[in-house]
Amino acid sequence: MADKDTPQEVADKFLAKLKDSPFIMIGLEDGQHSEPMNVKTDDDQPNTLFIFSGKDNRIAAGGEAMAQFVGKGHDFFACLMGTVSEETDMATFDKLWDNRVDAWFPNGKADARLNRFDISSAELWETDVSISGRLKMLFGGTIKGEESSSHAVVDSVA
């Protein structure tokens, strides 16, 4: 790649990749393991991911958290830091509720909690290795910086 993407371009690609494969590993910074969760985004609330969970789910306690994302084609990676809290706005709850969410809750909305993950910082990697870089990976050789990927450290993914 001759030109590297700007941090905002990398952030925009992250959001597109997340919409294509809306799954993250997320855990509170409390010593427990992370777990896979399905996320929702709301264009009206940038830098926030929404996660429906059971009321007794380990992230439901809220607090500082870290999440990881891997794109469908293993061509994009993200590490996100932020805070998990309960989303109390029922309009947002209803806006994000759909059949895919409903399938996880036998008693419907009564069993669910909507968590918000407010992202405070993110590190994003796009592994778009050039053709010459891919050949070097196959046959040996050192990949030069201009043949590798885009990387961004951002305070905002919106």
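Computed from the coordinates by the stated procedures, all read-outs in this text should not be read as laboratory data. Every value quoted in this text rests on a predicted model; they were computed, and no experiment measured them. Glycine gets a Cβ as well: all are built from the backbone with ideal geometry, and neighbour counts include every protein chain shown.
Assorted remarks:
- Its relative contact order, with pairs defined as Cα atoms under 8 Å and 6+ residues apart, puts the stretch 33-107 at 22 percent.
- Projected label distance in nm at Glu35 and Thr83, using a 7 Å step from Cα toward the beta-carbon: 2.3
- Cleavage-rule hits, GluC sites (Glu not before Pro), the stretch 1-91, DSSP coil, Cβ neighbours within 10 Å at most 12: Glu29
- A straight chain from Glu123 to Ala91 at 0.36 nm per residue would run longer than the Cα-Cα distance by 8.4 nm.
- Sparse-neighbourhood loop sites, trypsin sites (Lys or Arg not before Pro) in the stretch 1-76 - DSSP loop, at most 13 other Cβ within 10 angstrom: Lys55, Lys72
- Positive contributions from Lys and Arg (+1) and negative ones from Asp and Glu (-1), summed over other residues with Cβ under 15 Å from the Cβ of Lys109, come out at -2.
- Descending semi-axes in whole angstrom, ellipsoid equivalent of the stretch 78-126, from the Cα gyration tensor: 26, 13, 9
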